[in-house]
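No lab work stands behind these numbers, since they all come straight from the coordinates. From a predicted model like this one, the values you see are computed outputs, not experimental measurements. Note that we place each Cβ from the backbone using ideal geometry, even for glycine, and neighbour counts take in every protein chain shown.
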Amino acid sequence: MLKIARNNLGENSSEQSLNRAVARTLEEVAARRREGYPRAILAGQSFGGLITLEAADSSKDVYGWWPWPPVCAIGGAGQLDASVTERTVAHLAVDRLSLVLPRNDSMFGSIERGPRVARVLAGHAGSFLLLDETYDIVDHGGGTTGRFAIKYGLCLVHYLVSAEASKRPVRCQESAAEQISVAKERLPKRPDTVRVTRTPDSLALDLKALAESWYGVLEPSGEVASFAIADVVGVGRRAMFSSVSGWRRGGLYEFSTGEGGVTFRLAGRGTVVLKGTTLTWTPETGSNS
């Protein structure tokens, strides 16, 4: 995998930035092909999605295309124009075509782009995977969240790398078992120094049910977090909590029990309360939980 970072220094317009970024992307595709890679799949978010769209439309060496979602602009002023995507994908010649169009995309005034793009893609010669407003993907950055990775990541990878794809639209099924499998594979593992408690707790709250690793999605950010109650050798019982997106931090925390729940503080970041199967994180500012 190769990540291309744009450098806007010295560029006078979004059009100039786009042209230079597309040229650089095509150079990298050509270089990878010379190295023997048989397939190139382009992916990009927001303006990066537009770069991949223009690059895929300009080269026969691009195998797959996946933006989430593309910001499309016209002219030097960079005026947003959703129809650019529709006009381009109508004749895009790639074997794997996947497109993320979240609902309530504030960059486009929350208009629904999916139905119009779906009509265009209906005439596409090959298969396509359209993750539109009917999926649980919200706002412009919805395709970058941990929620997206857990719910649709495996489906997307299978589609992009499968040996064959039917000549029709492909849909991602929201499988709870598949999501749990992905979470177990991708979430942080319990460190070796932690021993799982499997005996009933003497406190009023029975912590036995919380001994296994849990994962969940913090709304509305879409960050994925993992949680467990565990015995730390030489220290005692602690709450183990970490976020694998967003903060990318976590650790072992002293906790208190009461009213059928567990409470602990994340230094400088807020308070976490777990009751039943709902974990609530409230920032120190007291703003949205």
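So, by mean Cβ neighbours within 10 angstrom, what's the order for 64-70, 141-147, 34-40 with the highest one leading?
64-70, 141-147, 34-40
Of the beta bridges DSSP finds with both residues in region 14-176, what % are antiparallel, to the nearest 5? Before the final figure, lay out the partial values.
On the way: 2 of 15 bridges.
Percent antiparallel among DSSP bridges in region 14-176 is about 15.
Taking the number of Cβ atoms within 10 Å of each Cβ as an exposure proxy, the fewest-first ranking of Met1, Met107 is Met1, Met107.
Arranged from fewest to most other beta-carbon atoms within 10 Å of their beta carbon, Tyr63, Tyr159, Tyr152 become Tyr63, Tyr159, Tyr152. Of the residues Glu112, Glu223, Glu54, Glu164, the one with the fewest other Cβ atoms within 10 Å heads the list, and the complete ranking is Glu164, Glu112, Glu223, Glu54.
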